[in-house]
Amino acid sequence: MKNNSYTIKVNLKSNPYKVLIEKGSIKLIGSELIRLGIKKSTKILVVSNPVVANHYGDLVLGKLKESGFEANLLIIEAGEDKKNQASISLIHDSAYENNLERTSLMIALGGGVIGDMTGFAASTWLRGISFIQIPTTLLSMVDASVGGKTGINHPQGKNLIGAFHQPKLVLIDTKTLNTLPSREFKAGMAEVIKYGVIVDKELFKKLEDADCIDNLKLIPDDLLLDIIYHSVQAKALIVEKDELEGGLRAILNYGHTFGHAIEALSGYEQWVHGEAVAIGMIAIGELAIKKKFWTIKENTRQQDLLLKAGLPISWPNLDIDKVINALKSDKKVREGNIRFVMPLSIGNVKIVDSISIKELYDFLSELNNL
Ligand code: NAD
Ligand code: GLY
């Protein structure tokens, strides 16, 4: 760390890139492109949604212009319900209208939805052009913008269509969180807590010891930078070991198996992604007690931290058959077995595929009656 700025290198053999974490770093976008060797003549398409473009669109375009780049801004509606083929077509239409070539660049300016869609559009335009992530939600800073998973939802399931396409740079400006609604900030904290449970017990302890983690205004700048740094570092190390999710990377989906089912069954409306993940972490924590993978004490630590972050922890009463069907369409299913990322202790998880459908039925009816 230097002057309240962290740089993490994602050391992938064919696509190494830098994640810069710094308050105010959005202003560096032009100079960072020059540092990357991007030519001034490169055509740039910045993709954002109305809210984020309103706050930061002019700033990004202005800074690019100051450094001698010309860029166009495409604004598309981008809620979870718009994470679909129609939105990708809008980005491709704009790529066509702006004559984007193989050497052109897309910049995703927004949360995980904009990042995932822009990355996917970039991966498919002319069979793949470069893109850069400027994440503006806590969730996209600590998770979605790093690691190269891009994609959209299918009507039958979340993120079923997509591609691995690594960004050339991730620019995290914590100042952009000042305009983020409090509910979205708390949702991002679910993914931070996830890193604590899966690999980083020190991060978990830091969060437990912090005076406050559910209100950005009460979190000191250095603590905020530190927890984003720990989260991105954890993700980078996992992605470096298993870029294409042959095995280890699946642990990043901790809490997501039940979380995705909750999101799909509620039509992506009742809960935002991070909230569904928090409820999913509670559910897998309960299953881990039932199957004796971890202790009630560890489970209580997780529950207390999720509560401290202001996240929902109650399982919604859901149709069990529908939950099982949603779990079966999870991307981690192998040869019909539902695979769960099971917690063993804070900082330690393992993949388990031995839970039978009958056990799941019993467990889900217990959850419904809690
Ligand atoms: P999001 O992109 O929907 O953004 C949440 C809301 O915050 C939106 O309404 C947006 O307009 C608003 N917003 C964003 N930045 C803002 C700012 N600075 N100021 C004011 N408002 C702002 O949600 P998200 O939580 O960032 O991302 C969720 C998506 O990320 C899901 O689709 C999920 O599947 C995906 N995701 C992907 C990965 C990955 O590895 N690719 C990892 C985790 C999640
Ligand atoms: N968010 C899960 C992953 O990047 O693999």
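Read the figures in this text as sums done on the coordinates, not as results from a lab. On a predicted model such as this, the values are computed, not experimentally measured, just so you know. For neighbour counting, all protein chains shown are included, and Cβ atoms are generated from backbone atoms with ideal geometry for every residue, glycine included.
Tabulated values for the structure
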| quantity | calculated |
| --- | --- |
| Contact order normalised by residue count of the chain, Cα under 8 Å, 6+ apart, percent | 15 percent |
| Relative contact order (%) - segment 1-138, alpha-carbon pairs under 8 angstrom, separation at least six | 22 percent |
| Computed lengthening from I34 to Q270, 0.36 nm per intervening residue step minus Cα-Cα distance | 80.7 nm |
| Calculated [θ] (222 nm, deg cm²/dmol) that DSSP helices of n ≥ 4 give over the chain, each run adding -39,500 (n - 2.57) | -13000 deg cm²/dmol |
| Pairwise label distance in nanometres, S5 with N368, each label 7 Å out on the Cα-Cβ vector | 5.5 nm |
| Low-density loop positions, GluC sites (Glu not before Pro), segment 262-370 - DSSP coil, at most 14 other Cβ in 10 Å | E269, E335 |
| Computed magnitude of the charge dipole of segment 1-57 (debye, nearest 20; Cβ of K, R +1, Cβ of D, E -1) | 240 debye |
| Extension reserve of the N72-D353 stretch, reckoned as 0.36 nm per residue once the Cα distance is removed | 96.4 nm |
| Integer Hz, Karplus 6.51/-1.76/1.60 couplings in order for segment 9-24, x for Gly and Pro | 9, 8, 8, 8, 3, 8, 9, x, 8, 10, 10, 9, 10, 7, 5, x |
| Cβ-defined net charge surrounding V10, 12 Å radius [Lys, Arg +1; Asp, Glu -1] | +4 |
| Estimated FRET transfer efficiency (E101, L12; beta-carbon r; R0 30 Å; 0.05) | 0.75 |
| Cα-centre dipole for segment 166-236 with unit charges at Cβ (Lys and Arg positive, Asp and Glu negative), debye to 20 | 300 debye |
| Residue range of the chain that is longest and free of trypsin sites (Lys or Arg not before Pro) which are both DSSP loop and sparsely packed (at most 13 other C-beta within 10 Å) | 103-291 |
| Length gained when the stretch D221-N54 is fully extended (0.36 nm per residue, less Cα-Cα span) | 57.7 nm |
| Inverse mean reciprocal Cα-Cα distance (Kirkwood Rh) of the chain, Å | 20.8 Å |
| Cα-based equivalent ellipsoid, segment 1-144: semi-axes from gyration tensor eigenvalues, Å | 22, 18, 16 |
| The chain: most fluctuating residue of A86, A190, A276 per GNM, C-alpha cutoff 10 Å | A86 |
| Backbone N under 17 Å from the D319 label point (7 Å along Cα→Cβ), restricted to segment 266-308 | 266-270 |
| Segment 282-370: Cα Rg divided by the 2.2 N^0.38 Å rule of thumb | 1.10 |
| Members of K9/K235; K13/K241; K18/K83; K83/K217 lying beyond 20 Å, as alpha-carbon distances in this model show | K18/K83; K83/K217 |
| Net charge dipole size for the chain [Lys, Arg +1 and Asp, Glu -1 on Cβ; Debye, nearest 20] | 1020 debye |
| Calculated over segment 139-295: convex hull of Cα atoms, volume per residue (Å³) | 131 Å³ |
